[in-house]
């Protein structure tokens, strides 16, 4: 059981980063972006190309995050912004189209076969209670924790972070107060997509890179975001860990094929008790 808990923390760390990006977009724009998972995949494959240039891991990570942030901002400028006034259903359908477009671009550029960041087999460390953990898995937890702290400091301490919180609470009032909401939207897309890239890279480190890997993890990301209270970044953090733990611990009793079903079973149980999610009302980030 101890090993499953560690596995759950590793999985949850990846889900948390993806869910924060997803819920940031919803919190500001009230828009469920179904292309978010494929932006994760794009970031992971961008890192694969950069890793082939023998760049340091830290440089690869930062450049891949910046590239994916730029891709997300471009996607919003070209596709989502012109459709924003046409309603959430139109945006939702367009995001599904964007997801298919991104996935096929990845297939064209990198091909359909599975890829790895490194062909080397890592030897796991043996910890007390029979826990085994690989160096990459320690790195996944450490990077995810560092990025979560940075997101917290950004939202609480920076001017643009405070503007994002104000816009999420009441966009019209934020505009009247002089906040440039267009700039807030750009920052939201940039940060959300950068975190998606980070989640995609960490997922690629844990498993293998596949063109559909972001789409496959999209449902747990939505489950985590809704579980924590849709539109709530801190709720997404808690929801991601809960989903990760529940998925891995469930494998002690049922087949691993049912992991996505476990995510939604936990989601339904929590929402029956607390319909607005763990952290309550949507859109309030305080």
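Brief remarks follow.
- Computed on the Cα atoms alone, the convex hull of the stretch 1-71 gives a volume of 115 cubic angstrom per residue.
- With 0.36 nm allotted per residue and the present C-alpha distance subtracted, the residue 274-residue 118 stretch has 51.8 nm of extension available.
- Using the Cβ-Cβ distance between residue 66 and residue 253 with R0 set to 45 Å, the FRET efficiency works out to roughly 0.60.
- For 140, 241, order by how many other beta-carbon atoms lie within 10 Å, fewest first: 241, 140
- Listed residues 190, 142, 239, most fluctuating in the chain (Gaussian network, C-alpha, under 10 Å): 142
- Each peptide in 223-236, 48-61, 15-28 receives the mean, over its residues, of other Cβ atoms within 10 Å, and ordering these scores from highest gives 15-28, 223-236, 48-61.
- Computed from Cα atoms, the angle from the helix 88-110 axis to the main principal axis of the chain rounds to 40 degrees.
- Against the main long axis of the alpha-carbon atoms of the chain, helix 2-29 sits at an angle near 20°.
- Shown is the FRET efficiency for residue 104 and residue 126, computed with R0 = 45 Å from the Cβ-Cβ distance and rounded to the nearest 0.05: 0.55.
- With helices as the sole contributors, the chain gives -23500 deg cm²/dmol at 222 nm; each DSSP H run of n ≥ 4 counts as -39500 (n - 2.57), and the sum is divided by every residue.
- Top of 198, 238, 177 by mean-square fluctuation, Gaussian network on the chain, Cα under 10 Å: 177
- Highest mobility in the GNM of the chain, judged by mean-square fluctuation with C-alpha springs under 10 Å and restricted to 39, 173, 139, is found for 173.
- Taking 0.36 nm per residue of sequence separation and removing the Cα-Cα distance, the residue 1/residue 162 pair yields an extension gain of 53.9 nm.
- Against the chain, whose longest principal axis is taken from its Cα atoms, helix 233-250 shows a tilt of about 30°.
Readers should treat all values here as calculations from the given coordinates under stated rules, not as data from a laboratory. Keep in mind that this is a model prediction, so the values were computed, not measured. Please note: Cβ atoms are built from the backbone with ideal geometry, for glycine as well, and neighbour counts cover all protein chains shown.
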